[in-house]
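Peer 1: Please see the structure below; I have some questions.
The values are calculated or read from the model by the stated rules, or taken from the named source; none is laboratory data. Note that the structure is a prediction, hence the values are computed from the model and not measured. Note: ideal-geometry Cβ built from the backbone for every residue, glycine included; neighbour counts use all protein chains shown.
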Amino acid sequence: MPRPRHPLDARPARITHVYGTSLKWTKVPHKTFLTPETAVQLRAEGYTMALTRSGWRSPRSISLIRYVQRLRPSSELP
């Protein structure tokens with residue numbers, strides 16, 4: 001019998017590297033997950049991209065700029 005599938009929001013993706021003002025990928029601590037709070041914090045520090053993994057899948061690049069914009073639409077920004 002197959003295992004039940006969980007929704008994607010059940011377990012956030014793990015961030016392995018971030019890309020920012022240094023113009024190179026920087027490794028992050030082992031247990032850093034892509035949550036709304038983490039995305040806002042990394043974006044405030046100047047990082048623009050995150051390289052994530054979820055399970056055994058290959059790495060995936062996520063734009064932190066777009067991720068934060070989806071969290072806070074432009075009408076809510078100060």
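Peer 1: Return the residues of the stretch 22-39 that are exposed (fewer than 13 other Cβ atoms within 10 Å of the Cβ) and over 16 Å from Pro12 (Cα atoms); say none if nothing qualifies.
Peer 2: Passing the criteria: Ser22, Leu23, Lys24, Thr26, Lys27.
Peer 1: Residues that are at pLDDT 90 or above and among the acidic types (Asp, Glu): does the stretch 32-46 have at least one?
Peer 2: There is at least one residue in the stretch 32-46 that is at pLDDT 90 or above and among the acidic types (Asp, Glu).
Peer 1: Can I ask one more? Would you call Tyr67 modelled with pLDDT of 95 or more and outside any strand (DSSP E or B)?
Peer 2: In short, no.
Peer 1: Restricting the search to the stretch 38-64, which residues are in a strand (DSSP E or B) and either among the polar types (S, T, N, Q) or over 12 Å from the mean Cα position of the chain (by Cα) (or both)?
Peer 2: Residues satisfying the conditions are Thr52, Ser61, Ser63.
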